[in-house]
Amino acid sequence: MTPMMEQYFEIKNQYKDYLVFYRLGDFYEMFFDDAKTASRELELTLTGRDCGEAERAPMCGVPFHSAESYIARLIEKGYKVAICEQMEDPAKAKGLVKRDIVRIITPGTLLEPSMLSEQKNNYVAALCLGEAAWGLAFADVSTAEVFVTEISGENKLARLQSELGTYQPREVITDLPRSAFAEIAEFITARVGAMLVAGEADRFPFDAARSRAGAQFGVLPNELESSRAAVSAVGALLDYIADMQRGDISYLKSLHVYSDGQYMDMDINTRRNLELTETMRQKEKKGTLLWVLDRTKTAPGARLLRSYIEHPLLSTCEIVKRQGAVAELFGSYMLREELGELLSSVLDLERLITRIIYGTANAKDLRAVCSTVAVLPAVRALLANCHDRELMRIAADLDDLQDVHDLIDAAIDENPPFIVREGGLIREGYSADVDYLRSVMRDGKSWIEQVVATEREKTGIRTLKIGYNKVFGYYIEVSKSFVDQVPDTYIRKQTLTNGERYITDELKNMEATILGAADKDHALEYEIFQDVRGQVAAAGERIQQVATCLAELDVYLSLAVVAAKNKYVCPEVDAGDTVYIKDGRHPVVEQFVKDTYFVPNDAHLDTGANRVMLITGPNMAGKSTYMRQVALIVLMAQIGSFVPAAEARIGVVDKLFTRVGASDDLASGQSTFMLEMNEVAYILKNATRKSLIIYDEVGRGTSTFDGMSIARAIVEYTNSRKIGAKTLFATHYHELTSLEAELDGVVNYNIAAKKRGDNITFLRKIVRGSTDDSYGIEVAKLAGLPNDVIRRAKEVLAAVESTARELRAPDADKIKPVDDSLITMEDCINDAVIEELRNTDINTLSPYEAMTFLFDLKKRLQ
């Protein structure tokens, strides 16, 4: 095997689970199985290379300057990539060029902007599965944030799933092998969609982990010191990141330790059902609460707002503090407009400073920092007149970073190139040496023209000219007819058909100056650039603090803009048990019905006489929308936002649960009803008196009497002292409305509808009292079921209702058999024609196609 292949295999054998990008000149090459994988996934041509063996080594490659896009595609497909770089200049190397792995790129440790979403954090997590407690740590290496918590108690699995569902990490490392925690592993890979790196026990020993965490963050918080599992998770996470980055990770300084009672608890099903950050069907932002509230101007602000929505607060003091900032901005249109204009020019400082400290930032990144810092004095000036304490704190913490701005503006060219080793980085006037070398390169052409004129005059050779090639460098070319006039100082280098080529000492000296100037300039500019980047990195903590302040301001501004535009009000938030909403509206749905009037509704829940709102009413009348509306208004209040209502008083909710429609989970062999019962069991085990619960048509996945019995038992248990939580319970089991007279705390409500003959109008208004009709047949008619089916349904319903009042199955002889003669072939054809007409877009048909279409329909009807 060739020496180069021996070197390749020596490196590859240490990184068997990674695709090795092996630097070879201007390309990253892959060999053998790596090449086959990359060729298949990236659609690259698979070639071969002599490797010293009988068969050529399979090979494919990508240009090093465009490798990032190829790596991004591999990461998205679930691969990990190891970058093997040349560790010395090939031109100066003696023998084989030294190479080594300089970085490992995995889904959770990305730094490259092209591989990251500006709107979302990119987390890698570490999970320590101890016997008594579990430690869970998350880090976003692109923003330098680290979060850690301890999970203990009876419901460890549910809490773990909730945390993983909240942070949605791209990668999770664990101490135990996968077989030791199969259920958790399945959840991580299938539900969260993260890459699982199991069996990393060597990273988790407590003493080593504590030492790493102490070295990284200094004195550890008391709440972290008391948890061995949490310390192990943090230490393992730092070790993994350092191993992947192969560089300085000192920029990871922001450690947040949080506990179970700090944020509202929502399981992954609740987050999905309420569509907080992505819709259930399309998995997109539009149609979510985040979509409504996000009017942020900056990428860090967008990520922080997402974090607020995913972590509603429990502390009334913190909530009121946020409300104060939003209220002052809400009250001043001009302040909102001026701040919005300034923040529009703010770039992603969080990720920029991370790349600067890590050493991957280019000159354009430094100019981006400079342009952002330039707006800070104006932002501070606007905040100087604010009276809210939170806005005053932001103004006080907002360092104007004038020294950083002046350094970058003086040193870095206004429009530098992306590549940092080819010059053009340093602003003219910053370095006298750079200016001199540039003048040499710029004046080189005029020097050559001057030498040509001088030599022609000295020798009398009017055809004399100077050329350049990579073999001889600069040379003097003389045609055959003037060769006898060439001076003795000319040194012949090449004979041509039509002339001779010569060099002179003066020409060689000039060549060394001109050609050497470019190399010297590139090296000097890179050296100066590194020095400037190092000085900016030294101000990293100050820049990170500014980034945090701007993100907070951006979120407050976004909430204020949305509140003003959508006519929201500031809710009264307290530690009580009452949720009172007057004229509440669904924040998302009202955005889709701009042309019609959205009917507002009240809500009144507490832990006394109004514990359970038992809601009946027609299908499609808006029961689910109403219940989600109440939940979203409570959540919005607890993130510090204004809410869509005329008035609201919200007692802080510790946990929010939703049991809304489901579908069969075929992969795990669970039916709709089994999934529903699992979710209800979780709610009943974890809900407290301070919780808010939404049950939407529980029990519909089984037989009528089984379902009604289960639904009643759930209402009774939820309403009892064992839980006593604020609850909204929507049902079509009208028999349950009798509970209002039997149980304290259960109150009947219904969604009003008006029926005229066979037609029904939904009024969308929730009113006191119950209803004894779901109007299912009328809704079926609205959906377009054939008339014969509707007529037959009414007959069956009449027969069933005659016996259903006695809570027993209807007598078979009272249900008339289906009369097949009622449904004719003509009816079927008519229905098919009508359906085809309904589904045809006539605007897309040409005149000829329209005539043909009508002729075909006419023929079928006849």
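The values are calculated or read from the model by the stated rules, or taken from the named source; none is laboratory data. From a predicted model like this one, the values you see are computed outputs, not experimental measurements. Every residue, glycine as well, gets a Cβ built from its backbone with ideal geometry; the counts of neighbours run over all protein chains shown. Areas reflect the complete protein model, heavy atoms only, side chains present, ligands, DNA and RNA absent. Shrake-Rupley method; radii C 1.70, N 1.55, O 1.52, S 1.80 Å.
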Exercise. Going toward the positive end of the dipole of the chain, with +1 on Lys and Arg Cβ and -1 on Asp and Glu Cβ, which of Asn122, Tyr308, Val141 do you reach last?
Worked result: Tyr308
For this session: Using a/c under 1.5 as the rounded threshold, could you call the stretch 690-737 rounded, prolate or oblate? The axes a ≥ b ≥ c are square roots of the C-alpha gyration tensor eigenvalues, and prolate needs a/b larger than b/c, oblate otherwise.
Result: prolate
For this session: Using only the Cα atoms of the stretch 356-449, build the gyration tensor, take square roots of its eigenvalues as a ≥ b ≥ c, and label the shape rounded, prolate or oblate: rounded if a/c is under 1.5, else prolate if a/b is larger than b/c, else oblate.
Result: prolate
Problem set entry | Among beta bridges that DSSP assigns inside the chain, antiparallel share in %, nearest 5 | 60 percent
Problem set entry | Violating pairs (Cα-Cα greater than 25 angstrom) within the set Lys582/Lys655; Lys567/Lys781; Lys567/Lys594 | Lys567/Lys781
For this session: Leaving ligands, DNA and RNA out of it, report the carbon-plus-sulfur percent of the accessible area of the stretch 165-308 at a 1.4 Å probe.
Result: 45 percent
Exercise. Which of Ile693, Val653, Leu376 sits farthest toward the positive end of the charge dipole of the chain, with +1 on the Cβ of Lys and Arg and -1 on the Cβ of Asp and Glu?
Worked result: Ile693
Exercise. With each pseudo-label sitting 7 Å past Cα toward Cβ, what's the Asp100-Arg462 distance in nm, one decimal?
Worked result: 6.5 nm
Exercise. Calculated from DSSP H runs of 4 or more alone, at -39500 (n - 2.57) each and per residue, what is the 222 nm mean residue ellipticity of the chain, nearest 500?
Worked result: -14000 deg cm²/dmol
Problem set entry | Alpha-carbon gyration tensor eigenvalues x 5, square-rooted, for the stretch 425-535, Å | 37, 13, 9
Exercise. Within the chain, which complete DSSP H helices have Cα atoms spanning at least 24 Å along the helix axis and a mean Kyte-Doolittle hydropathy of -1.0 or higher?
Worked result: 228-245, 432-459, 505-538, 540-566, 787-804
Problem set entry | FRET E, pair Ser259, Arg421, Förster distance 45 Å, beta-carbon r, rounded to 0.05 | 0.40
For this session: Please turn the phi angles of the stretch 489-501 into ³J(HN,Hα) values with the Karplus equation 6.51 cos²θ - 1.76 cosθ + 1.60 (θ = phi - 60°), one per residue in order, whole Hz, x for glycine and proline.
Result: 6, 7, 10, 5, 10, 7, 9, 10, 5, 9, x, 10, 10
Exercise. Say the cut-off is 25 Å between C-alpha atoms; which of Lys445/Lys508; Lys12/Lys120; Lys285/Lys690 go over it?
Worked result: Lys12/Lys120; Lys285/Lys690
For this session: Starting from the Cα coordinates of the stretch 249-328, work out the convex hull volume and express it per residue in Å³.
Result: 155 Å³
Problem set entry | Relative contact order, percent, the chain [alpha-carbon distance under 8 Å, six or more residues apart] | 9 percent
Seminar exercise, completed: Cα extents of the stretch 1-127 along the principal axes, largest first, in whole Å, come to 49, 32, 31
Exercise. Dividing the Cα radius of gyration by the Kirkwood radius, what Rg/Rh value follows for the stretch 303-352?
Worked result: 1.05
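Give me the number: length gained by fully extending Lys156 to Glu68, i.e. 0.36 nm times residue separation minus the C-alpha to C-alpha distance, one decimal in nm. Before the final figure, lay out the partial values.
Details: separation 88, 0.36 × 88 = 31.68 nm, distance 3.97 nm.
That pair, Lys156 and Glu68, stretches by 27.7 nm at full extension.
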Exercise. Hey, got the dipole for the chain? About the Cα centre, +1 on K and R Cβ, -1 on D and E Cβ, debye to the nearest 20?
Worked result: 1000 debye
Exercise. What do you get when you divide the Cα radius of gyration of the chain by 2.2 N^0.38 Å, with N the number of residues?
Worked result: 1.26
For this session: With a cut-off of 18 Å, note down the residues of the stretch 461-485 whose backbone N falls inside the zone around a label point 7 Å from the Cα of Lys508 toward its beta carbon.
Result: 467-477
Exercise. For Asp26 and Val452, what does the FRET efficiency come to when R0 = 35 Å and r is the distance between their Cβ atoms, rounded to the nearest 0.05?
Worked result: 0.50
Problem set entry | Förster radius 22 Å - calculated FRET efficiency between Lys567 and Tyr597 (Cβ-Cβ, nearest 0.05) | 0.95
Exercise. Between Ala609 and Ala93, 0.36 nm times their residue separation minus their Cα-Cα distance comes to what?
Worked result: 177.3 nm
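Remind me, relative contact order of the stretch 695-763 in percent, using alpha carbon pairs under 8 angstrom and six or more residues apart?
25 percent
Can you divide the C-alpha Rg of the stretch 673-773 by 2.2 N^0.38 Å and report the result to two decimal places?
On the way: Rg = 14.7 Å, N = 101, 2.2 N^0.38 = 12.7 Å.
Cα-based Rg divided by the globular estimate yields 1.16.
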Seminar exercise, completed: the stretch 71-183, Kirkwood Rh and Cα Rg, ratio Rg/Rh at 1.12
For this session: List, largest first, the extents of the alpha carbons of the stretch 530-591 along their principal axes, each in whole Å.
Result: 61, 31, 16
For this session: Could you work out the relative contact order of the stretch 510-616, using alpha carbon pairs under 8 angstrom and six or more residues apart, expressed as a whole percent?
Result: 18 percent
Problem set entry | Spatially proximal aspartates and glutamates relative to Lys520 (Cα-Cα < 19 Å; intrachain offsets below 8 disregarded) | Glu88, Asp89, Asp413, Glu422, Glu428, Asp433, Asp435, Asp443, Glu511, Asp531
Exercise. With Cβ to Cβ distances under 10 Å as the rule, what net charge do the other residues near Ala230 carry (K, R +1; D, E -1)?
Worked result: -2
Problem set entry | Those GluC sites (Glu not before Pro) in the stretch 47-131 that DSSP places in a loop and that have at most 10 other beta carbons within 10 Å | Glu53, Glu55, Glu131
For this session: Return the tail of the calculated pair distribution for the stretch 1-71, meaning the percent of Cα-Cα pairs more than 21 Å apart.
Result: 19 percent
Seminar exercise, completed: Note on the stretch 9-48: alpha-carbon gyration tensor, axes a ≥ b ≥ c; rule is a/c under 1.5 for rounded, else prolate if a/b larger than b/c, else oblate; result oblate
Problem set entry | Exposed-loop-free span, longest in the chain, where chymotrypsin sites (Phe, Trp or Tyr not before Pro) count as exposed if DSSP calls them loop and at most 12 other C-beta atoms lie within 10 Å | 1-417
